[in-house]
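Read the structure below first, then the notes.
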Amino acid sequence: MLKVHIRPHWEISFNNDAPLDTATLLALLLAIQDQGSIAAAAKAAGLSYRYAWGVLREAEDLFGEPLLETGRGRGTRLTLLAQKLVWADRRIAARLSPTLDSLASELETELGKVRLRGTGLRTIRMDASHGFAVAALTGYLDKIELPVELRYRTSLDAVAALARHECDLAGFHVPEGVFEEETARRYLRWLDPARHCLVHICGRQQGLLVAPGNPLGVEGLADLVRPKLRFVNRQAGSGTRVLLEMMLERAGIDREAINGWNSAEFTHSAVAAYIASGMADVGIGMRTAAEQFKLGFIPLLRERYFFALHLDALEDSLMAQLLAVLRQPGYHRLVNALPGYDAARTGSIETIPEAFPGIRA
């Protein structure tokens, strides 16, 4: 099966000078952070010791300050500048990777149409809000070569696309508890119980992400209006931001009083990377993102993540293969291994009234 991989790449240069070899430099800095010495880092990065030193010296000349500091018995460590370069790369990857993954998936489909023209092979079109269980699923499907075109978009955009027959599966998430009905109704405007059904993907935890050890003593949403607390938000229209808006309104908290309310990151990982790099103190996201960046996590609520699909799609052989994958123990293990996720009902198919009893569409 044709695969397209797109990775973020960024360069640094002053004036019209040749750009710095940023990719090699970052790989070397990460290796030094892990290994504690230039020699070991060069070996781990597949570079000669001499070449590694040349890359470091070139970068230090460009910035006019050192990237490394050494001390007796402490090995070699990254300076603050070097740490900022590493975090900049992680933030770029966290912010752009879902968009690039979606683009890669679209290119795979378009190129595949040319390559497989006349073979009769099809692709399942999947529109979904970004989540770790969805990323794990696409990786799992790649390994068994089940053709899927993935587009990351907001939950509301995904279910609207399904209603317009622009996709075959639409991923969206709904909180359990007091916010369930209000959130579900947003999606049920586009979902018809007579034409659509739901497949359960996972349960997952949403909460506040804070710096390691929670040095500012954040306890809950009420702390977000503290004047010196820097908040990083999700983009307008995302399911997570809509949920946060509902929670703040119910708690009587003025969102405009939150320092950083108008900021916007497009993934849970991007929020976590923003905090881990020291540019914010708190954000909202998945427990998985918190552990990915070694942050603290304050639980707020639990969600259910679904794929919506047309009832007649259940008779499709390709869709049947995908639904069978969702019930496989191998995929369940992947979901359960994600911090804050569970696969207790993964792969189960429900009608809309079964999923949301008491809520009339």
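What the Cβ-Cβ distance of residue 249 and residue 351 gives, at R0 = 30 Å and to the nearest 0.05, is a FRET efficiency of 0.45. Computed from the C-beta positions of residue 316 and residue 80 and an R0 of 56 Å, the FRET efficiency is 0.55 to the nearest 0.05. The alpha carbon gyration tensor of the stretch 152-290 gives principal lengths a ≥ b ≥ c with a/c of 1.5 or higher and a/b greater than b/c, which makes the shape prolate. Listed by chain and number, the aspartates and glutamates whose alpha-carbon sits under 17 Å from that of residue 3, ignoring those within fewer than 8 places in the same chain, are 101, 106, 108, 110, 142, 145, 149.
What stretch of the chain, leaving out the sites themselves, is the longest with no chymotrypsin sites (Phe, Trp or Tyr not before Pro) in a DSSP loop having at most 16 other Cβ atoms within 10 Å? Walk me through the numbers before you get to the answer.
Numbers: sites that count: 10, 14.
Result, exposed sites excluded: 15-361.
The relative contact order of the chain, computed from alpha carbon pairs under 8 Å that lie at least 6 residues apart in sequence, is 19 percent.
Under the convention that each Lys and Arg Cβ holds +1 and each Asp and Glu Cβ holds -1, the size of the dipole of the stretch 199-322 around its Cα centre is about 440 debye. Computed over protein heavy atoms with a 1.4 Å probe, the accessible surface of the chain works out to 48 Å² per residue.
The largest accessible area among 21, 281, 254 belongs to the first residue in 254, 21, 281, and the rest follow in falling order (1.4 Å probe, all chains).
Could you work out [θ]222 nm for the chain from helices alone, using -39500 (n - 2.57) per DSSP H run of at least four and dividing by all its residues? Round to the nearest 500 deg cm²/dmol. The partial results should precede the final answer.
Values: 13 runs with 152 residues, N = 361.
Computed ellipticity for the chain at 222 nm equals -13000 deg cm²/dmol.
For residue 182 and residue 138, the difference between the fully extended length at 0.36 nm per residue and the C-alpha to C-alpha distance is 12.9 nm.
Could you work out what % of the accessible surface of the chain is carbon and sulfur, using a 1.4 angstrom probe and leaving DNA, RNA and ligands out of the count? Write out the running numbers ahead of the final one.
Values: 8940 of 17490 Å².
Carbon-and-sulfur percentage of accessible area, whole number: 51.
Computed from the C-beta positions of residue 324 and residue 6, the FRET efficiency with R₀ = 25 Å rounds to 0.25. Modelled this way, with points 7 Å down the Cα-to-C-beta line, the labels at residue 165 and residue 294 are 5.3 nm from one another.
Can you tell me the length gained on complete extension of the stretch residue 50 to residue 103, counting 0.36 nm per residue apart and subtracting the Cα distance?
15.2 nm
Given axes a ≥ b ≥ c from the Cα gyration tensor, I'd like to know whether the stretch 244-318 is rounded (a/c under 1.5), prolate (a/b larger than b/c) or oblate. Prolate. By the gyration tensor of its Cα atoms, with a ≥ b ≥ c the square roots of the eigenvalues, what is the shape of the chain: rounded for a/c under 1.5, prolate for a/b over b/c, or oblate? Oblate. Taking every protein chain into account, the 1.4 Å probe leaves residue 295 with about 20 Å² of accessible area, to the nearest ten.
For the stretch 137-160, backbone nitrogen atoms closer than 17 Å to the point 7 Å from residue 337 Cα along Cα-to-C-beta are found at 137-144.
The values are calculated or read from the model by the stated rules, or taken from the named source; none is laboratory data. The structure displayed is predicted, hence computed values, not measured ones. Note: ideal-geometry Cβ built from the backbone for every residue, glycine included; neighbour counts use all protein chains shown. Each accessible area value is taken on the protein alone, full model and side chains, heavy atoms only, with ligands, DNA and RNA left out. Shrake-Rupley method; radii C 1.70, N 1.55, O 1.52, S 1.80 Å.
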